Amino acid sequence: MPDTIHVINGPNLNLLGTREPEVYGRATLADVEEACREACERHGLELVFRQSNHEGELVTFLQEARGSLGVVLNAAAYTHTSIALADAIKAAGLNVVEVHLSNVFAREAFRHHSYISPVARGVICGLGIDGYRLAIGALAPRRAM
Ligand code: CA2
């Protein structure tokens with residue numbers, strides 16, 4: 001378990017690549033998973049990759065990530081609304097990197113506030129699918145070359 005990274009995706013991200021490519025790019029969620037798997041393999045880490053449209057299920061996923069190396073979390077719209085997800089991160093003592101495909105600060109004002117950021121170790125936004133790779137690299141233990 002200590003060498004596992006959990007990548008957790010929130011509501012509507014199962015639709016990636018089907019609509020709004022100008023905002024979210026053309027990659028599908030399967031492409032995101034493949035990129036994460038490659039990044040984890042490069043660092044010798046196990047990957048658990050999950051998506052849910054349901055807030056409570058995302059809370060369960062976070063609880064199940066307890067004891068892992070870290071979590072890459074794109075909570076999608078729940079980023080801007082969910083105290084439950086923030087509480088779950090705190091309660092499980094998780095090392096979380098918050099990721100967004102789009103630059104939320106260049107979008108509507110309601111996307112500028114995040115309940116996740118104050119309980120995250122770091123935040124990456126606006127870099128598309130690369131954000132997930134960078135987050136995995138940030139969570140991976142540094143090994144001597
Ligand atoms: O930029 C991101 O990654 C977001 O987390 C995506 C969320 C949005 O609510 C956040 O503010 C920023 C929305 C995900 C919706 O995904 C779609 C995928 C394809 C088509 C339409 C929506």
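Worth a mention:
- Put in line by how crowded their Cβ is, counting other Cβ atoms within 10 Å and starting with the fewest, Leu16, Leu73, Leu29 read Leu29, Leu16, Leu73.
- Highest average packing first - 53-65, 85-97, Cβ atoms within 10 Å: 85-97, 53-65
- Fewest-first ranking of Val104, Val99, using other Cβ atoms within 10 Å as the exposure measure: Val104, Val99
- Cα-based Kirkwood hydrodynamic radius, region 25-145, one decimal, Å: 14.7
- Between the C-alpha center of region 41-66 and that of region 71-111 there is a gap of 14 Å.
- Loop-located trypsin sites (Lys or Arg not before Pro) in region 1-88 (DSSP state other than H, G, I, E, B) with a sparse environment of at most 16 neighbouring Cβ atoms within 10 Å: Arg19, Arg26, Arg66.
Rule-based calculations on the coordinates, nothing more; no lab input. All values reported here derive from a predicted model rather than from experimental measurement. Ideal geometry is used to build each Cβ from the backbone, glycine not excepted, and the neighbour counts take in all protein chains shown.
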